[in-house]
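S.K.: Supplied in structure tokens, the structure appears directly below.
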Amino acid sequence: MFNKINIHDLAFWLCLFFLIGIVLATLFTGGLYLIAPFVITVSFYFFLIKKNNLAWLILFIIVGAAYYHFFSYFQLKNINIPFGKEGELSGLVEEVRGGATQELKLSLTGEYRGDISVRLSPYPEFRYGDAVKITGKINKPDEQYKNYFLSRGIFGQTNFPKIELIEKDQGNFIKAKLFSFKENIKNIFKTSLSKERAAFLAGITIGAREDFSKEFKERMSLSGTTHLVALSGYNISVIALAVGLVFNLFFSGAVSFYLSVLTVILFVLMAGAEASVVRAAIMGTIGLFAMQIERLFDPRNAIAIAAFIMALFNPRVLVFDIGFQLSFAALLGIVYLAPSLKNLFKIGSGGFLSWKENAVTTSAAQIMALPILLSSFGIFSFTSILANILILEFIPITMVIGFGMAFLGLFSVFLAAILGVLANLFIGYEFFIINIFSKFSIPLKIEGAGFYFWVIYYLLILIFISMSLRAKRLITH
């Protein structure tokens, strides 16, 4: 007798096996041919011997692997870039990343096709939608960074070529207006706050980090607070709640839902569509939909569907996008590991200023993200947990003040400046914590820890969570 799988479990397992197939195909050359025989064998075992419908779902590993190969083929098929040749090329600026240098993501036009990375000096500044002409040589990305660039849809790179602005405002009209609106918000913050504090507020509200100084980035890294400026579910929640309340005053529930979703999508585009905010937006939209149809929100399915949708657009993000990995690892820690830690330490209330809640949440997120942090950056600071305990409770308040400043600043700079006084107080405290813990850190370095070490690490976490859930069920019954 075959077991039945309900629709919720079906959605989860389909997404999970599809993602596993992509990861395997990414990690192993010729992955589809290696994976298919093994998966088919396992599927027949479950189907014929175990009489389990899970067998058919396991076949989605092959579907995921095949999708990765087809995506890679069609992604490269239409690329026409003159690698290694000196010459002139024209293109449209699709993305700008600031810092010590400018990095443009340039979509080639004319006789050539494909996106390239163009590194330039900080000035003159270029913006989205600028049509430019460059003179230089396009090289293939270094092997070390090839997959990182491919995860961003970039196939070539050139450093400090001669560049000439041909025409402005040639990009998508809606995206151009959104980026212009983003600049307006940043300017509102700058009229009421110092440059560094305005940059920080823009970072935690709209994900704008291009104005961060090198020194400030280093302080945030050392204190373990860089994640504060990675847009998350809270940003999406504030936006969705605010616009939902306004729309409900004028429209029906269904219309209000669609307008709220549209607003979330526009916010994601304005913020730059980074992995953390895209993930939060997808899960937020699923949450809004659950409310609309009066169903319970299932975080397990929401996480799986969010990863599935993002992988459909670019399967390479699963393995090569560190932002994607950190975002999902931290989320899994908060959703699954944090409750188990609360049970272990018998934590009931949040404590003064929710310090216990923040301690557990921060610890769970960092425990899950630890292998990624160490393998990518080579260092982790134990004191970051304490820094986050002291700072996390005040970040949501600062964000709400920031959104309030942005809204009032559209009508009156004076009204925005009044809220700016309050924002200054909170940001001043947050800067104090960041500065203190950037000077006093206890670093952790684990050298030589390979793939299997981290597999065992995550297996132990899974065993701990499983045992905690089992103990909780026994107590409940």
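S.K.: Can you find, among Leu318, Pro122, Leu332, the residue sitting farthest towards the positive end of the charge dipole of the chain, where Lys and Arg contribute +1 and Asp and Glu -1 at Cβ?
M.R.: Looking along the dipole axis, the top candidate is Leu332.
S.K.: Val255 accessible area, nearest 10 Å², 1.4 Å probe?
M.R.: Estimated to the nearest 10 Å², Val255 gives 60 Å².
S.K.: Determine how large the accessible area of Glu164 is when every protein chain is in place; take a 1.4 Å probe and give Å² rounded to the nearest 10.
M.R.: Here the residue's solvent-accessible area equals roughly 90 Å².
S.K.: Right, another one. Multiplying the sequence separation of Asn80 and Glu196 by 0.36 nm and subtracting their Cα-Cα distance, what value in nm do you get?
M.R.: 37.6 nm
S.K.: What FRET efficiency comes out for the pair Asp169/Tyr458, r = Cβ-Cβ distance, R0 = 45 Å, nearest 0.05?
M.R.: With a Förster radius of 45 Å, E is 0.40.
S.K.: What are the residues whose amide H is under 5 Å from the amide H of Ile138, where those residues sit 5 or more places off or on another chain and H is modelled from the backbone?
M.R.: The answer is Gly84, Lys85.
S.K.: Could I ask something else about it? In region 70-145, how does Rg compare with the Kirkwood Rh, expressed as the Rg/Rh ratio over alpha carbon atoms?
M.R.: Dividing the radius of gyration by the Kirkwood radius yields 0.97.
S.K.: Show me, for region 302-308, the HN-Hα J-couplings you get by feeding each phi into the Karplus relation (A = 6.51, B = -1.76, C = 1.60, θ = phi - 60°), rounded to Hz, glycine and proline as x.
M.R.: 4, 5, 5, 5, 4, 5, 4
S.K.: With all protein chains present, calculate the accessible area of Val421 using a 1.4 Å probe and round the result to the nearest 10 Å².
M.R.: 100
S.K.: Given Gly99, Leu76, Val132, which one lies farthest toward the positive end of the charge dipole of region 74-136, if we put +1 on the Cβ of every Lys and Arg and -1 on the Cβ of every Asp and Glu?
M.R.: Leu76
S.K.: In addition: May I ask you to list the residues of region 111-142 whose amide nitrogen lies under 19 Å from a point 7 Å from Cα along the Cα→beta-carbon direction of Lys214?
M.R.: Under 19 Å, as judged by backbone N against the label point of Lys214, lie 119-125 of region 111-142.
S.K.: Let me ask something additional. For Ile442 and Asn248, calculate 0.36 nm times their separation in residues minus their Cα-Cα distance, and state this gained length in nm to one decimal.
M.R.: 64.9 nm
S.K.: In deg cm²/dmol, rounded to 500, what helix-only [θ] at 222 nm does the chain give when every DSSP H run of at least 4 residues adds -39500 (n - 2.57) and the total is split over its residues?
M.R.: -20500 deg cm²/dmol
S.K.: Two decimals is fine: what is log10 I(q)/I(0) at q = 0.09, 0.10, 0.18 Å⁻¹ for region 62-207, from a Debye sum with one equal scatterer on every Cα and no solvent?
M.R.: Relative scattering, expressed as log10 I(q)/I(0), comes to -0.35, -0.43, -1.10.
S.K.: Then there is this: Assign unit charges at the C-beta atoms only (+1 for Lys and Arg, -1 for Asp and Glu), then state the dipole size of the chain relative to its Cα centre in Debye, rounded to the nearest 20.
M.R.: So the magnitude is around 920 debye.
S.K.: Next question. Once the piece of chain linking Gln144 and Ser376 is laid out straight, how much longer is it, given 0.36 nm per residue of separation minus the C-alpha distance between them?
M.R.: Answer, rounded to one decimal: 82.3 nm.
S.K.: Then there's this: Hey, for a label at Arg97 modelled as a point 7 Å past Cα toward Cβ, could you say which residues of region 180-215 have their backbone N under 15 Å away?
M.R.: Correct set: 208-212.
S.K.: Need the list of lysines near Lys140 for cross-linking: C-alpha distance under 21 angstrom, and skip anything on the same chain fewer than eight residues off.
M.R.: Lys77, Lys85, Lys105, Lys162
S.K.: Next up: With a bin width of 5 angstrom, please list the P(r) values of region 256-401 as percents of all Cα-Cα pairs, from the 0 bin to the one holding the largest distance.
M.R.: Reading upward from the zero bin: 2, 9, 14, 18, 20, 18, 13, 5, 1, 0.
S.K.: Using only C-alpha atoms and all pairs of different ones, pull out the Kirkwood radius for region 186-336 in Å with one decimal.
M.R.: Computed over Cα pairs of region 186-336, the Kirkwood hydrodynamic radius comes out at 16.7 Å.
S.K.: Okay, next question. Which value results for Rg/Rh of the chain when Rg is the Cα radius of gyration and Rh the Kirkwood radius based on the inverse mean 1/r?
M.R.: My calculation of the ratio gives 0.97.
S.K.: Within the chain, which is the longest segment that contains none of the chymotrypsin sites (Phe, Trp or Tyr not before Pro) sitting in a DSSP loop with at most 16 other Cβ atoms within 10 Å?
M.R.: 29-144
S.K.: Further question on the same structure: Could you run the Karplus curve 6.51 cos²θ - 1.76 cosθ + 1.60 with θ = phi - 60° over region 216-228 and give me ³J(HN,Hα) per residue in whole Hz, x for Gly and Pro?
M.R.: 5, 4, 5, 5, 5, 5, 5, 8, x, 10, 4, 5, 4
The values are calculated or read from the model by the stated rules, or taken from the named source; none is laboratory data. Here the structure is a predicted model, which means the values were calculated and not measured. Using ideal geometry, Cβ is built from the backbone for each residue, glycine included, and neighbour counts are taken over all protein chains shown. Heavy atoms of the whole protein, side chains included, go into the accessibility calculation; ligands, DNA and RNA do not. Shrake-Rupley method; radii C 1.70, N 1.55, O 1.52, S 1.80 Å.
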